[in-house]
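The values are calculated or read from the model by the stated rules, or taken from the named source; none is laboratory data. Model, not experiment: these values are computed from the prediction. Accessible surface areas use protein heavy atoms only, side chains included; no ligands, DNA or RNA. Shrake-Rupley method; radii C 1.70, N 1.55, O 1.52, S 1.80 Å.
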Amino acid sequence: MTNYNAAFFGLFENVFKLLKEEYGEDRALEHFSTLMERGLSKSYGTNLKKGDPAEFERLVAERDKLVGLHVEFPRVTDNELVYQFHDDPFPNLKGYVDHHKLDRCYMNFKVQYILGPEWDYKTTKHLWNGDAYTEHVIYKK
């Protein structure tokens with residue numbers, strides 16, 4: 001595992017915990033999703049080639065590298081991408097929230113914003129389950 005920006009992601013973990021304590025899990029997830037959307041949309045910009053898997057790989061890899069995450073895309077085709085996290089950005093939320101719910105806060109946005117509504121994803125591996133990495137398979141519907 002590489003050295004990732006624990007302080008940066010720790011702030012997000014603390015925000016989620018505070019929101020959950022104050023408003024409950026459902027509202028915390030809603031607010032966390034909005035927080036992710038605002039930050040990610042700013043970092044990805046608006047001048048992108050929507051629907052292009054290579055563009056998804058480029059934008060996401062660049063941004064993840066900037067925040068210190070080791071990610072890989074072992075497969076990128078016109079109809080499918082495999083997106084792997086080799087670092088856990090939110091290790092202190094394990095056991096505090098289901099990883100599917102937390103991942104949905106940023107994965108739904110990434111997929112819809114960059115690729116569009118004709119794309120979806122499924123999580124096939126996860127660090128919180130003891131896997132060597134978290135893997136999201138993104139596919140054209």
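What is the distance in Å between the Cα centres of the stretch 63-77 and the stretch 89-133?
Result: 14 Å between the Cα centres.
Please go through the residue pairs Lys42/Lys65; Lys65/Lys125; Lys50/Lys140 and name each one whose alpha carbons sit more than 18 Å apart in this structure.
Too far apart for the 18 Å limit: Lys65/Lys125.
Please report, as a whole percent, how much of the solvent-accessible surface of the chain comes from carbon and sulfur atoms (probe radius 1.4 Å).
Details: 3670 of 7580 Å².
That fraction is 48 percent.
State whether the stretch 1-59 is rounded, prolate or oblate according to the following rule on the C-alpha gyration tensor (a ≥ b ≥ c being the square roots of its eigenvalues): a/c under 1.5 gives rounded; otherwise a/b larger than b/c gives prolate, and the remaining case gives oblate. Mind showing how you got there, number by number?
Working: a/c = 2.97, a/b = 1.61, b/c = 1.85.
The shape class here is oblate.
Can you tell me the orientation of helix 6-23 relative to the chain, as the angle in degrees between its alpha-carbon axis and the longest Cα principal axis, to the nearest 10?
60
For the chain, modelled as a Gaussian network with Cα springs under 10 Å, which listed residue fluctuates most, Tyr121, Tyr96, Tyr44?
In this elastic network of the chain, the residue with the biggest mean-square fluctuation among Tyr121, Tyr96, Tyr44 is Tyr96.
What Rg and what Dmax come out for the chain when only alpha-carbon atoms are used, in angstroms?
Just the Cα atoms of the chain yield Rg and Dmax of 14.5, 43 Å.
222 nm [θ] for the chain, helices only, -39500 (n - 2.57) per DSSP H run of 4+, per residue, to 500?
Using -39500 (n - 2.57) per qualifying helix, the result is -15000 deg cm²/dmol.
Among Trp128, Trp119, what's the order by accessible area (1.4 angstrom probe), most exposed first?
Trp128, Trp119
With every protein chain kept in place and ligands, DNA and RNA left out, what is the accessible area per residue of the stretch 13-103? Probe 1.4 Å, answer in Å².
55
With the cut-off at 1.5 for a/c, could you classify the stretch 76-141 from its C-alpha gyration tensor as rounded, prolate or oblate?
On the way: a/c = 2.57, a/b = 1.67, b/c = 1.54.
Prolate, since a/c reaches 1.5 and a/b exceeds b/c.
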